Amino acid sequence: MKRKPGMKALALLLTAGMLFTGCGGSAGNTPEEEPETGGSGKTMGRYMEEAVGMPEDMMRNAGITRLTDGSLQIFDYNNGPCISQDEGRTWTRKYDDWMGMVGNAYYMTAAMAKDGTLFLMYSSYEESADEETEQASETDNLFKMDYRYMIVSPEGEMRDLPVPFNLDNYEILTNCWYTPDKRLFASQGGAVYEINQEDGALTRLFDTEGDVELACFSETRMAAFTTTRAYSYDYVNGELLEQDDGLDSFVQKQMTDGMDTIFYTSGNYKFIAALDKENNLYLGCDEGIYSYKEGEGIKLLLEGGLCSLADPSVAKYGMLAEDGPVFLMLLGSGVSRFAFDETVPSVPDKELLVYSLKKDRTIQQAVSAYQKEHNDVYVRYEVGMSGDNGLTAEDAVKALNTEIMAGKGPDVLCLDGLPLDSYLSKGMLADLSDTLKAAEEKEEFFNNITRAFEKDGKIYALPTRFRLPLLVGKQETLAGIQDLQSFADACEKLRAESPDGSILSAYQPDIVLRMLALACEPSWSREDGTLEEAAVQEFLTQAKRIYDAEISGISESDMEDFLESNRSRGDEGGSYAETALDISFSIMNFLTRSQEQFGLGNTQQVSLDFTNVISIPRVRKEIVFTTPSFQNSKVFQAESIMGVCAKAARPEMAKDFIQTLLSYEVMASQEEPYPVNKASFDRMFYTEMDLDTPFGSYGIAKEDGSVLMLDLYWPNEEEQKSLKNLVSSLDTPYLPDSRIEQAVVAAGTQVLNGELSVEEGVAQIKQKVQLYLAE
């Protein structure tokens, strides 16, 4: 299908189908009782979530605890302890001026005792203001890496505690906790210690494989978790109990998505845990709420898709297990209460099936939002390549197509990575024009993107997020680039002027090909999905020129530095194309290298990469950015492309789900690519910072070994308007990793390496595309 118009690199300081192996029972049954059935034979009873409330302006926090007097307490690092006397519905700050009381510092770890005592780890800020001029120096607002410790009594009395962890030996406290009887425990360096609260002396309690990042307590037990193991410690008798392989497997499963930590400095956790008074363990994670009893193993109590836990944008801070059991969880959305309700079906009567080839965070958020509004619907979200089934993309697509043709396929499809051309030509998707029109009556969208696949007034595929390809370079150079050939001319000219160094920061053939595909791939196929041979031949011809210009200036030492950097990222495949396609990666080179070069890649967020794009020109005025015009112009990378199966069992419900997905609440996530919802897009620019003052900076090592500091700026009104105008001009969707792109990159790599001629490469690509269309 030929698509025509109309159709992180920087860290700043500051599912259904995924159930745990061995889980038994229904997603809604209590662990204590056999399920009861109603008069209709339905299995009855499941945990229901009630959103209760949260402290105003809650940000970083150290979780939730039940105080001795029965009240609830949340400790917020910026606002101090917050107290609720009505089970979390309303909150009062214990101290009006917490920071003024404890001192200006960065507080990073805290423990709360049941009597209200606090233990804090912090680093003090530099004292850098010039007393005479009252102007801050360059180090203002930086904190000293000195790690100090403080105890705050329930009455607000403060005293420092000299805990003898040696920072010079990298002995940094990982996390800390008060036991119910007010003993102070801490994790550091593969061991758990008790801290003497009078003199700070340490008593080693037990050793662990890795640091304990999460722990919970009963009156006698401590459950402690590293990223690979779960430990049970009887702290009354000082006895480390036998480990359970099932719990260890549970922990390891939580880490399989690439995360290497349970606990983050912002206070949220990969999963949370609580012990009840009988030492039964409960765990909350994306997949739901689990229980663990000795001798019984792990059991699913509530599936994550039936509550807010499956929403990846909802942080998890802490959990309490109380009689019932009833669970109180402190989430990013506030305090939620989970109680068993025997009057509702264990699984809702209606079911909506949503499918994506890979896990999609926007869909996860939409599932959670839709579930909250429709308690009578069970949204079952299936992931073709979940990581549990070992399927390749090709295997997963074949299995999906078999289900669809048999009339047993999903209701809602995320079309990313699926054969969209084939689905459209075979009439496998339903018209969504009325669905989008209904959404447009409530909210505004970038219609040039949502309607990019519109044809004859019908919309069968609807992009909900996007990335924006950008070309960065000197203004006078970019002015002469109108197509792929003129870009190749410019690369050869730069190489002639500068014999050494990289031009594109693209050291491998596949990286060059994927960079160029950002503004070329839409030209490679006709409307019926067959190959546009002339366009592919021109692409490979010019890509070969560009790659030859790139690689001719890269020395053996440059290549070894690249490979070493690649290895340090843990990329076993030997390619860092995903990193290289982030515009932030290549534009940093403008400040570190002397020769002229290009930056080519995607911007997907304001806070992570567009701030870098606009900050470079403030240092080098001649640097500008634009959308690339190669074989295509005005291109955007379409993501989270939604469709509804023509044979959907619940078509109206499916379309209603897509409206939920398009809503401001779902689209407003700051961690995903740009949203098509205009209000959500505008929200990304929100800040209380001074737009004329840098909000941060970082050092960049130059070729001569010196370090250049780059100040980072938040987009001002003019830059915000520029980005929105650029987005509004886009009209051609690029589908990353399409089957045709895969064929072009595979054969193109051989062409660029000189193993095939351009003509031989085109013939190989044509053969692969024909086989693909025949499937």
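The values are calculated or read from the model by the stated rules, or taken from the named source; none is laboratory data. Since we're looking at a predicted model, the values are computed, not measured. Counting neighbours? That spans all protein chains shown, and the Cβs are built from the backbone with ideal geometry, glycine included.
Residue-by-condition table, conditions (1) in contact with a Cys (Cβ under 8 Å, 6 or more places away or on another chain); (2) over 30 Å from Glu56 (Cβ atoms); (3) at pLDDT 85 or above; (4) not hydrophobic (A, V, I, L, M, F, W, C):
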residue: Cys307; (1), (2), (3), (4): no, no, yes, no
residue: Gly334; (1), (2), (3), (4): no, no, yes, yes
residue: Glu342; (1), (2), (3), (4): no, yes, yes, yes
residue: Gln365; (1), (2), (3), (4): no, no, yes, yes
Q. Across region 321-357, what is the number of residues that are within 21 Å of Gly284 (Cα to Cα), touching a Gly at 6+ places or on another chain (Cβ under 8 Å) and of a type in the set (A, V, I, L, M, F, W, C)?
A. 8
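Residues checked against (1) in contact with a strand residue (DSSP E or B) (Cβ under 7 Å, 6 or more places away or on another chain); (2) in the same structural domain as Arg618 (by TED's automatic domain parsing); (3) over 30 Å from Leu357 (Cβ atoms):
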{"position": "Gln659", "(1), (2), (3)": "no, no, no"}
{"position": "Arg683", "(1), (2), (3)": "no, no, no"}
{"position": "Ser728", "(1), (2), (3)": "no, yes, no"}
{"position": "Leu735", "(1), (2), (3)": "yes, yes, no"}
{"position": "Gly754", "(1), (2), (3)": "no, yes, yes"}
{"position": "Ile765", "(1), (2), (3)": "yes, yes, no"}
Q: Would you confirm whether any residue within region 335-342 is in contact with a Lys or Arg (Cβ under 9 Å, 6 or more places away or on another chain) and surrounded by 24 or more Cβ atoms within 10 Å (Cβ to Cβ)?
A: yes
Q. List pairs: first in region 759-772 and surrounded by 17 or more Cβ atoms within 10 Å (Cβ to Cβ), second of a type outside the set (A, V, I, L, M, F, W, C) and in a helix (DSSP H, G or I), Cβ under 7 Å, 6+ apart or cross-chain?
A. Gly761/Gly748; Gly761/Gln750; Val762/Glu533; Val762/Gln537; Tyr772/Arg739
Q. Only one residue in Ala668, Ala654 is over 19 Å from Gln604 (Cβ atoms) and of a type outside the set (Phe, Trp, Tyr), so which one is that?
A. Ala654
Q: Filter region 388-397 for residues that are in a loop (DSSP other than H, G, I, E, B) and under 25 Å from Gln637 (Cα atoms) and give the result.
A: Thr392
Q. Are there any helices (runs of 4 or more DSSP H) wholly within region 489-586 with 2 or more residues that are at pLDDT 95 or above and under 35 Å from the mean Cα position of the chain (by Cα), and if so which?
A. 509-517, 533-551
Q | strands (runs of 3 or more DSSP E) fully within region 660-751 counting 3 or more residues that are surrounded by fewer than 17 Cβ atoms within 10 Å (Cβ to Cβ) | A | 696-701, 707-712
Q: Could you list all residues from region 405-437 that are surrounded by fewer than 16 Cβ atoms within 10 Å (Cβ to Cβ) and aliphatic (A, V, I, L, M)?
A: Met405, Ala406
Q: Residues being closer than 24 Å to Arg66 by Cβ and at pLDDT 95 or above: count how many of those fall in region 231-269.
A: 6
(Q) One residue is enough: does region 398-419 have a residue meeting the conditions closer than 30 Å to Arg66 by Cβ and in a loop (DSSP other than H, G, I, E, B)? (A) no
